[in-house]
Amino acid sequence: MSSPEAFTELPSVAPQLRALRRRASLTLEAAAAAAGLSAAHLSRLETGQRQPSLPMLLALARVYGTTVSELLGETVVDRDSVVRAADMEPTAAGGWTYFQAGASGRGMQALRVRVPHGSQGDIVRVHPGEEWLYVLRGRLRLRLGDTAHGLGPGDSAHFDSLTPHRIAAQDPDGVELLFVHTLLQSPTAALCLGPTPGETP
């Protein structure tokens, strides 16, 4: 599998974040507050100085009334369309690489995700909805609450997203997985709780 550096040239999500905020007629301050971010941090995301993590994308998608796929700039004309492998354009965000694996505009979003080793492994995620993931390649370290799980190719996990969770690649070459999550509309913003003191992913 390619190294994380191989994905540094992928398109930035910054222009899409700015365009969707303006489409929602929200000021930078209002959008940031609704997503649980500072205005300065959202500004850096919109100018490409920072890349958003998945929890940030989930929070902003709820605020803008859209999907993570649209935030990533992926569009599918036909809601019931088949997505061909050749049409899956990679998008980088927060150190991960995403490929849209399903139609946009649905209550359930499917993505193929590449997680480099050492990327976001210390971020604890909490947000409304459900998640299902399936390991395609590599080994995944999944922590759900106080329990850690090692997953290999062919293994899957299905859990409530309100359970604090962390995802990290165990192998130096990273891990590739299928990732499905529900987009439940909720006033609760996604939370990045940060690393837990004394723990390793």
### Task
Would you mind computing, in nm to one decimal, how far apart the modelled labels at ARG22 and ARG50 are, each placed 7 Å from Cα along Cα→Cβ?
2.2 nm
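Quick one: net charge around HIS158, please, counting Lys, Arg +1 and Asp, Glu -1 for every other residue with C-beta under 13 Å from its C-beta.
-4
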### Task
Using amide H atoms built 1.01 Å from N in the peptide plane, name the residues 5+ places from ARG137, or on other chains, whose amide H lies under 5 Å from its own.
GLU176
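Read the figures in this text as sums done on the coordinates, not as results from a lab. This one's a predicted model, so the numbers in the text were calculated from it and none came from an experiment. No Cβ is skipped: glycine too gets one built from the backbone with ideal geometry, and neighbour counts run over all protein chains shown.
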